[in-house]
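Please read the structure below before turning to the comments.
The values are calculated or read from the model by the stated rules, or taken from the named source; none is laboratory data. On a predicted model such as this, the values are computed, not experimentally measured, just so you know. Cβ sites come from the backbone with ideal geometry, for glycine too, and all protein chains shown count toward neighbours.
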């Protein structure tokens, strides 16, 4: 069980870096009418105006979400890249709904699903959907690849990384 969670954490961090770069390049309307990088909006969730804090919080969440993926779906995916991509995309969609449409708006003082109901935020919401799907596919493929390598070598992913 620990090795599938570890593989999920590692794959989640990889997917989180890729999605984080996307969020760094995307901008969103902020209070006061200014445009800010999405990563700054992530920082605002934890009451910070620092991009570094946004990155740390995002990568922490990516690791946790990756670990949960390994725990929940690891046995379905195992070492199959196609299954990883499919289950990962579905998982990314679920996190878009839960994270981007419900949790983040509520934590920023808006109603759930506000990004879909506010015309200036709709393009951001669609960009976020694409980002979450990419996150999920990278997570799933990364997880499947790590599991396949672990099965081939008979070594858990976390142990291999420590070498």
Looking only at region 60-89, which residues are within 17 Å of the chain's Cα centre (by Cα) and surrounded by fewer than 16 Cβ atoms within 10 Å (Cβ to Cβ)? 60, 64, 71, 72
Can you tell me which residue among 93, 108 is out of contact with any strand residue (DSSP E or B) (no Cβ under 8 Å at 6 or more places or on another chain) and at pLDDT below 95? 108
Do any helices (runs of 4 or more DSSP H) entirely within region 1-106 hold 2 or more residues that are touching a residue at least 24 places away in the same chain (Cβ under 8 Å) and more than 30 Å from residue 118 (Cα to Cα), and if so, which? 2-25, 51-77, 81-95
Sole miss for residue 115 among (1) assigned to a helix (DSSP H, G or I); (2) surrounded by fewer than 20 Cβ atoms within 10 Å (Cβ to Cβ); (3) over 15 Å from the mean Cα position of the chain (by Cα) is condition (2)
